[in-house]
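Read the structure below first, then the notes.
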Amino acid sequence: QVQLVESGGGLVQAGGSLRLSCAASGSIWRIDAMAWYRQAPGKQRELVATISGGASTNYADSVKGRFTISRDNAKKTMYLQMSSLKPEDTGVYFCNAVIRVTWYEGYNDFWGQGTQVTVSS
């Protein structure tokens with residue numbers, strides 16, 4: 001069974017930094033694209049950043065230049081380095097990954113349980 005576990009969230013002052021991690025475990029044959037989403041209170045979940053299997057990256061306009069997504073395939077782990085944090089970055093951050101469990105099965109979508117990030121002004 002595949003699990004995605006986020007860590008690294010917390011409370012930080014505006015202008016500060018945090019580094020989130022998302023570790024995948026379980027029966028995994030290959031991980032394709034990975035992504036970070038976030039959900040603020042009372043708002044819909046939104047895409048923050050994506051990274052392909054080939055390490056191509058894309059970012060939401062709101063985080064460009066401040067956040068950096070990366071991955072370590074050997075460790076089956078994805079990261080989100082967040083700098084110059086703003087109060088509007090507050091929310092629950094979720095890890096998403098497209099994973100192939102076995103070579104003969106297709107890719108499926110998996111989600112982590114989320115980690116809280118709170119930025120105080």
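The values are calculated or read from the model by the stated rules, or taken from the named source; none is laboratory data. If you're wondering where the values come from, they're calculated on a predicted model, not measured in any experiment. Cβ: placed from backbone, ideal geometry, glycine included. Neighbour counts: every protein chain shown. Note: accessible area is taken over every heavy atom of the protein model, side chains too, but ligands, DNA and RNA are not part of it. Shrake-Rupley method; radii C 1.70, N 1.55, O 1.52, S 1.80 Å.
Ellipsoid fit via the Cα gyration tensor, the chain: semi-axes of 26, 14, 12 Å, each the root of five times an eigenvalue, largest first. Taking every alpha-carbon pair under 8 Å whose residues sit at least 6 apart, the chain reaches a relative contact order of 36 percent. The peptide list 58-68, 28-38, put in order of mean Cβ contacts within 10 Å with the highest first, becomes 28-38, 58-68.
Skip the ligands, DNA and RNA, and give the accessible area per residue of the chain with a 1.4 Å probe, whole Å².
Working: 6470 Å² over 121 residues.
Here the residues of the chain average 53 Å² of exposed surface.
First compute the accessible area of the stretch 1-110 with a 1.4 Å probe, then give the percent of it belonging to carbon and sulfur atoms.
Working: 2760 of 5880 Å².
Ligands and nucleic acids excluded, carbon and sulfur give 47 percent.
If you put +1 on each Lys and Arg Cβ and -1 on each Asp and Glu Cβ, how big is the dipole of the chain around its Cα centre, in Debye rounded to 20? Mind showing how you got there, number by number?
On the way: 12 positive and 9 negative charges, 35 e Å.
Dipole about the Cα centre, nearest 20: 160 debye.
The heavy atoms of Lys43 present about 140 square angstrom of accessible area, all protein chains included, probe 1.4 Å.
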